[in-house]
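I have placed the structure first, in the form of C-alpha cells, so that the comments after it can refer back to it.
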Amino acid sequence: MNQAMDLIKTKEQIGIMAEGGRRLGVVLKELRREVRPGITTKELDRIARLRIEAGGDKPAFLHYRPAGAAKAYPYTLCSSVNDVVVHGQPSGYVLREGDIVKLDLGLRHEGLYLDAAITVFVGPASAFRKEVRTLLAATEDALYAGIAVAKPGNRLGDIGYAIERVARKAGVSVADGLTGHGIGESLHEEPSVFNYGEKGTGMILKEGMVLAIEPMFTLGGGEIVQLRDESYGTEDRSWAAHFEHTIAITAKGPKILTAA
Ligand code: MG
C-alpha cells in the first residue's frame, strides 16, 4: 500500500468518520457527566463500553496492541488521574474531589477509527488551585489553536508551533515524546503530530487528511516515564492535562469530527 496515498481520505470516508466522531463525542459527553467523587475509573470504563456497543460500534482501544507494548490493552477507556498523562488503565481507584481525570476514548465505526480525549475536574472547578485550572484551560486552548491552522497549504510544523506557543504563554510544559497522529483505517497512522514545532516546516497539509490532534501539557517539567501498567506519567509527579479531537482537513478548513 502507498503510505502517502493513505493519508488522503475520500469524501465518503470522511462522511463515515463524521458520523463515528459524532457518536464518540456523545459518549465522551455522557462520561463527563458521570465523573464525580466516589465513582471508580473501572465503572467509567464499563459505561464507555456499553455506550459504544449500544451504537453498534467497536471500542478502538480494547485489545489494541501498540508497537512496543508487552500486551494488548484490556479496556475501552484510558483513564489517567492527576500526574498520569496518558494510557492510564481503569481500576478500582475511587475518584476523589480534587482529582483531575483524563478520559481518552476511541471507537471504530463502519471500519474507520476515531479518537478523542478530555480532562475533567472531579468536583467543582472553582475548588481547584488556579495553576491547575490554568493547565486545563491552556491545554484545551492549545487544541483549538492547533486545529485552527490545520488547513490545506499549511504545514505540520504550524500545528506544533501553535500548540507549543499556548503552553509557553501559560507557563506550562509540553509532555515530551507524546504526539498526535493520522487516523482512519488504523487507530494510529502517519504522520506523527508533534505538540511543538517550527512554523513553515514539515509535511504540507492537504485536503482529505484526517488527524488526531492532542496536546498534553504538564505543570512541571515535560519529562515523562512509563509506569508499571504501561501508562505514562510525569517524572516529577506534576499534574498533566490532555485534550484531543479527530479533525479532517477540508477545502474550507479544519472540520472537527469528534464534537458532540
Ligand atoms: Mg490519540
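The values are calculated or read from the model by the stated rules, or taken from the named source; none is laboratory data. Values in this document were obtained by computation on a predicted structure and should not be read as measured data. Methodologically, a virtual Cβ is constructed for each residue, glycine included, from the backbone with ideal geometry; neighbour enumeration extends over all protein chains shown. The area values use the complete protein model at the heavy-atom level, side chains included, leaving out ligands, DNA and RNA. Shrake-Rupley method; radii C 1.70, N 1.55, O 1.52, S 1.80 Å.
Things to note:
- Protein accessible area in the chain, 1.4 Å probe - carbon and sulfur %: 50 percent
- Shape category assigned to segment 91-182 from the gyration tensor of Cα positions, a/c cut at 1.5: oblate
- Cα-based shape type of segment 138-234, given that a ≥ b ≥ c are square roots of the gyration tensor eigenvalues and the cut on a/c is 1.5: oblate
- Entries in Lys206/Lys252; Lys169/Lys199; Lys169/Lys255; Lys11/Lys206 that, when Cα-Cα distance is taken, lie over 20 Å: Lys169/Lys255
- Value of relative contact order over segment 19-87, rounded to a whole percent, pairs C-alpha under 8 Å and six or more apart: 24 percent
- What separates the Cα centres of segment 211-240 and segment 107-179 is a distance of 13 Å.
- Average accessible area per residue (Å²) across segment 3-255 - probe 1.4 Å, nucleic acids and ligands excluded: 45 Å²
- Under the span-like rule (Cα at least 30 Å along the axis, Kyte-Doolittle mean at least 0.0), DSSP H helices of the chain: none
- Computed extension length for Ala251-Thr201: 15.9 nm, one decimal, from 0.36 nm per residue of separation with the Cα-Cα distance subtracted.
- Within segment 140-176, backbone nitrogen closer than 18 Å to the virtual label 7 Å beyond the Cα of Ser192 toward Cβ: 156-164, 174-176
- Computed over the chain with a Gaussian network model linking Cα atoms closer than 10 Å, the most mobile of Ala70, Ala162, Ala125 is Ala70.
- For q = 0.09, 0.11, 0.17 Å⁻¹, Debye-computed log10 I/I(0) when each Cα of segment 3-255 counts as one equal scatterer: -0.36, -0.54, -1.35
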